[in-house]
1. Positive end of the charge dipole of the chain (Lys, Arg +1 and Asp, Glu -1 on Cβ, about the Cα centre): tell me which of LEU180, PRO256, VAL62 has its Cα farthest that way.
2. Explain nothing, just the number: dipole magnitude of the chain about its Cα centre with +1 on each Lys and Arg Cβ and -1 on each Asp and Glu Cβ, in debye rounded to the nearest 20.
3. When only C-alpha pairs under 8 Å and at least 6 residues apart count, what is the relative contact order of the chain, in percent?
4. In whole percent, what relative contact order does region 1-160 give with Cα contacts below 8 Å and a gap of six or more residues?
5. Could you tell me how many degrees, from 0 to 90 and to the nearest 10, lie between the Cα long axis of helix 256-270 and the main elongation axis, the longest principal axis, of the Cα atoms of the chain?
6. Along its principal axes, what span do the Cα atoms of region 115-263 show, with the longest given first and each in whole Å?
7. With +1 on each Lys and Arg Cβ and -1 on each Asp and Glu Cβ, how big is the dipole of region 1-135 about its Cα centre, in debye rounded to the nearest 20?
8. Once the Cα atoms of helix 208-217 and of the chain are each reduced to a long axis, what angle between those two axes, in degrees from 0 to 90 to the nearest 10, is obtained?
Amino acid sequence: MEYATVQGVDVPKVGLGTWRMEGEACRGAVETALDLGYRHVDTAQVYENEREVGRAIAASDVDRDDVFLTTKVNPREAGYDDLLLSVGRSLERLGTDYVDLLLLHWPNPLVRIGETMDAMATLVDRGVARHVGVSNFNVRRLKKARRVADVPVFADQVQFHPYSPQRDLLRYCQREDVLLTAYSPLAQGNMLRDDVVTDIGRKYDRSPAQVAVRWATQHRNVVTIPKSTSREHLRENLNVFDFKLTREEVERITRPSRLKTGATMVRGMLGS
């Protein structure tokens, strides 16, 4: 396993995302991932699977302190009092006294970000959240969150893959020592059908998914959280650290002429 070191904290470069996982499938995936060596798990209040994630961690032979656990606050709970109460309920569902990282899931224009960050600072003071941050924030919003926060903003979780390389945000996070957590590293599955990624994978005897995950993890200050319930795919996503893409291959994967087409494909998959 490789780690991203941000603000003096080591975070496993590959974690397990649990979006759209439910019930026993979610619990089984988390248990399998921990058994395979994952030590980074991501969930959220709106996923409605915190209880299953917590039960899987409790059932594992892995100590809770060895798992970097992230959950995200529903933006409807972004107000000071609402956030404190909602995180208390998350901890109950997760069966833990703390989370390693607490994020606001996306901006809420009806609540001042300063109020949200004040609540998060309170949770850090109480030891309930070791680190706090945001999700789906662009550079402008991230700058504002950092400016008004009384505690360090540790991370911004965003969609990050070869069709959406987030260059401005990445540069900002690298410069300011902020973690960028990449969700949807396979571009909603489009990477699996990408000719360039497939061709590069043949060189290393790797799948397109492994090339896409490796592309993400080679960036400084970036960790990624691919989702899978398959033991084979979970193992595959973790097995990416014994090869390295060349600079030319990274540039080929993210060549500007490819990005517009790829981004259009992803928007189509998302229905936007």
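Coordinate-derived values only; no laboratory data. Every value quoted in this text rests on a predicted model; they were computed, and no experiment measured them. Quick reminder, even Gly has a Cβ in these numbers, built from the backbone with ideal geometry, and neighbours come from all protein chains shown.
1. It is PRO256.
2. With only Lys, Arg, Asp and Glu charged at Cβ, the dipole is about 1240 debye.
3. Working: 497 pairs, mean separation 51.4, N = 272.
With pairs under 8 Å counted, the relative contact order is 19 percent.
4. Numbers: 284 pairs, mean separation 27.4, N = 160.
About 17 percent, as a whole number.
5. Roughly 50 degrees, rounded to the nearest 10.
6. Principal-axis extents of the Cα atoms in region 115-263, largest first: 50, 35, 23 Å.
7. Values: 14 positive and 23 negative charges, 61 e Å.
Around 300 debye, computed over region 1-135.
8. 50
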